[in-house]
Amino acid sequence: MSRFVLASRLALSLACAGGLAACVDQAAGGGAGSREQIKAVGSSTVYPFTTIVAEQFLANTPHARPPVIESTGTGAGMKLFCAGVGAGHPDIEDASRRMKRSEYDQCVAHGVHGVLEIRIGIDGIAFAEAKNGPRMRLTTADIYRALAAAPLGRRNTARTWRDVNPALPATPIQVYGPPATSGTRDALAELILAHGCEAVDPGMTALRERDRDAFDARCLRVREDGAYIDAGENDNLIVQKLQSNPNAIGVFGYGYLEENARAVNGVAIDGVVPTYDTIASGAYPGARPLYLYVKKAHLNAIPGLRAFLATYAQAWGRDGPLVKRGLIAAPPAVQARSAAIVRAETPLDPAALD
């Protein structure tokens, strides 16, 4: 993977007259040109899949420069992706959640017009523990009571899992998870905490419709008193933390659970263990789609970008290399739609975004 770690910042500056394809490379003394390698930023969950595609792309394109792929987290990656067009800005955003309408508007405000939205597959927000852990079985309500900053509108004082649910062990609540900039953290809030909040207090469903800010404060805000531990964007570090602290629980994408199956076990949520089949069927509460966002304007300017996307489309099938790495293949109809977007270079309709 060393070929894909973040390279030193490119010193290339572009001045665009009639679109990115007509940009002038100021660093080269005025000759026409653009950056020679693909650059992607974003989700730590999607990062390993994009690096696998990069390896295949290089194998099929021997004269290509190695893509630069940076694991920044979805939120931070969106800011970089939407900051502008040109060689100083990424071509691809790896995302473990869908782009927000506010992020799309930031793209437009910075001249990024025409963004391809490509669903590459499905992932699950996996809760995991060490092999010698307490064999936890949790519900979304348990997780909400344990991790929300203000469950039922009151400051969270729970210190052990037994404080949350008398049927659970009296071990300290210690959950290693992604930072606030991560799409995995967003999915944890929307898929797990929100459902747990509504299970504990059914009135929250109406509050979501009536006052979204109040709902978010009550249901989605994570406590900051040490029970939830921000482990950064390195999901492998969370696996290491679990091995050294068997009473702790980790939160990361399913691909990391499958990759580390000899070291950690998946924790059942609402009676469902995270597996390929339970996530693919939607039975597991933490199932979520994964995305690529691509600047259409860069397709004509960045060498190999079209071929890179075509390589991705060939890799995300049920028998493809990404599934072997932990991706859950999307249903055939979703795969076909994504492949059609790649072929036709169809931009996203912002009306579909929240």
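The values are calculated or read from the model by the stated rules, or taken from the named source; none is laboratory data. Computed from a predicted structure; not experimentally measured. Every residue, glycine among them, receives a Cβ derived from its backbone with ideal geometry; neighbour counts consider all protein chains shown. We work out accessible area using only protein heavy atoms, side chains counted, and drop any ligands, DNA or RNA first. Shrake-Rupley method; radii C 1.70, N 1.55, O 1.52, S 1.80 Å.
Summary of values
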{"item": "Average Cα contact separation per residue, the chain, under 8 Å, 6 or more apart, as relative contact order %", "result": "26 percent"}
{"item": "Exposure of C107 as accessible area (Å², to 10), given a probe of 1.4 Å and all protein chains", "result": "0 Å²"}
{"item": "Net lengthening on full extension, H63/D354 (0.36 nm per residue, minus Cα-Cα)", "result": "100.7 nm"}
{"item": "Given K39/K131; K79/K131; K100/K296; K241/K296; K100/K131; K241/K295, the pairs whose alpha carbons are separated by over 30 Å", "result": "K39/K131; K79/K131; K241/K296; K100/K131; K241/K295"}
{"item": "By accessible area with a 1.4 Å probe, ligands and nucleic acids excluded, highest first: order of E117, E259", "result": "E259, E117"}
{"item": "Approximate spin-label separation A283-D211, in nm, with each point projected 7 Å along Cα-to-Cβ", "result": "4.0 nm"}
{"item": "Stokes-Einstein translational diffusion, the chain - Kirkwood Rh over all Cα pairs, 0.692 mPa s, 37 °C, in µm²/s", "result": "155 µm²/s"}
{"item": "Per residue, in Å², the accessible surface of the stretch 192-270 once ligands and nucleic acids are set aside, probe 1.4 Å", "result": "45 Å²"}
{"item": "Helix 332-344 vs. the chain, principal-axis angle (Cα, 0 to 90°, nearest 10)", "result": "30 degrees"}
{"item": "Inter-label distance, nm, simple model (7 Å from Cα along the C-beta direction), T346/N165", "result": "4.2 nm"}
{"item": "Burial order of peptide ranges 238-249, 152-163, 202-213 (average beta-carbon count within 10 Å, highest first)", "result": "238-249, 152-163, 202-213"}
{"item": "In degrees, nearest ten, helix 305-315 long axis to first principal axis of the chain (Cα)", "result": "40 degrees"}
{"item": "Distance between modelled label sites at R318 and V273, nm, 7 Å Cα→Cβ extension", "result": "2.2 nm"}
{"item": "Apportionment of accessible area to carbon and sulfur, the stretch 274-344, percent (1.4 Å)", "result": "56 percent"}
{"item": "With every protein chain in place, the stretch 202-268: carbon and sulfur % of accessible area (1.4 Å)", "result": "44 percent"}
{"item": "Percent antiparallel among DSSP beta bridges (both partners in the chain, rounded to 5)", "result": "70 percent"}
